[in-house]
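What follows is a single structure, written as structure tokens, with notes after it.
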Amino acid sequence: MNVITAMQIDDLQYLLGMAGTVAFAATAVAAVAPKGIDLFGATVMGVITAIGGGTIRDVILDVPVFWASDLNYIWVAMFASMLAFLANKLMTHGQVYRSMLYLDALGVSMFAIQATHKGIELPFALPLGPLILGIITAIGGGLIRDTLAGNQTLLMRNELYAVPVTIGCIGYLILMHVSPESAVINGACCMLLIFFLRAAAIHWNLRVPGWLLTKTTQP
């Protein structure tokens, strides 16, 4: 029973990983579409965004890069990017793009907790290492995308994106310290926490409070 359960959990995580890959790739194309990009460029940007964070994580950990042994991550990212490119006018429409952001939030929550758990298991630079890995995995691809596209990066905006990830990863570290035998429940709770915080930020357009921002000077 334990083996079957473990297999089912692995299958669920794999499916969620693929869903997150689709979301990251599609939203990346939608984000750079206003720049006027061709099919090849859109595909490259989508793939880089989808696998970028996880690749950085595995390089830091000095372990085999996750997609090297399973090219389905690349194929799915390529397909999602090309589909998003072909549906460009629909994808960039307000309501449709907003819906994609919720799927992106699901991918962010899953990737962040997976990376944090991986850091705990190794173990890697406890207690801060797993937290840093979770954040990097969740936002790394987006940072690369924005840098290549010449856009303002996530860390330079007052959007509530990295903050929910950080809160969820910290929560997971605390729960794993208190109850390490309940990894599945701990992970599910913290994934939901990240997702709902991010979804609330999307729905109500929540931003980082002004008192936490530096003041820009006008030229």
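Among the residues in segment 71-93, are any open to solvent by 70 Å² or more (accessible area, probe 1.4 Å), of a type in the set (Ser, Thr, Tyr) and without any contact (Cβ under 8 Å) to a residue 60 or more places away in the chain?
Looking for residues that are open to solvent by 70 Å² or more (accessible area, probe 1.4 Å), of a type in the set (Ser, Thr, Tyr) and without any contact (Cβ under 8 Å) to a residue 60 or more places away in the chain, one finds none in segment 71-93, hence no.
Could you list all residues from segment 13-62 that are surrounded by fewer than 17 Cβ atoms within 10 Å (Cβ to Cβ) and of a type in the set (Lys, Arg)?
Correct list: 35 only.
Counting just the residues of segment 16-68 that are without any contact (Cβ under 8 Å) to a residue 12 or more places away in the chain and under 17 Å from residue 138 (Cα atoms), which one comes out nearest to the chain's Cα centre (by Cα)?
58
Out of the residues in segment 94-130 that are aromatic (Phe, Trp, Tyr) and over 14 Å from residue 28 (Cα atoms), which is most open to solvent (accessible area, probe 1.4 Å)? Spell out how you get there, then give the answer.
Residues of segment 94-130 aromatic (Phe, Trp, Tyr): 97, 102, 111, 124.
Narrowing the set further to residues that are over 14 Å from residue 28 (Cα atoms) leaves 111, 124.
Working: 111: 24, 124: 59 Å².
Per the stated criteria, the residue is 124.
The values are calculated or read from the model by the stated rules, or taken from the named source; none is laboratory data. The model shown is predicted, which means the values in this text are computed figures rather than measured ones. Methodologically, a virtual Cβ is constructed for each residue, glycine included, from the backbone with ideal geometry; neighbour enumeration extends over all protein chains shown. With ligands, DNA and RNA removed, areas are computed over all heavy atoms of the protein, side chains included. Shrake-Rupley method; radii C 1.70, N 1.55, O 1.52, S 1.80 Å.
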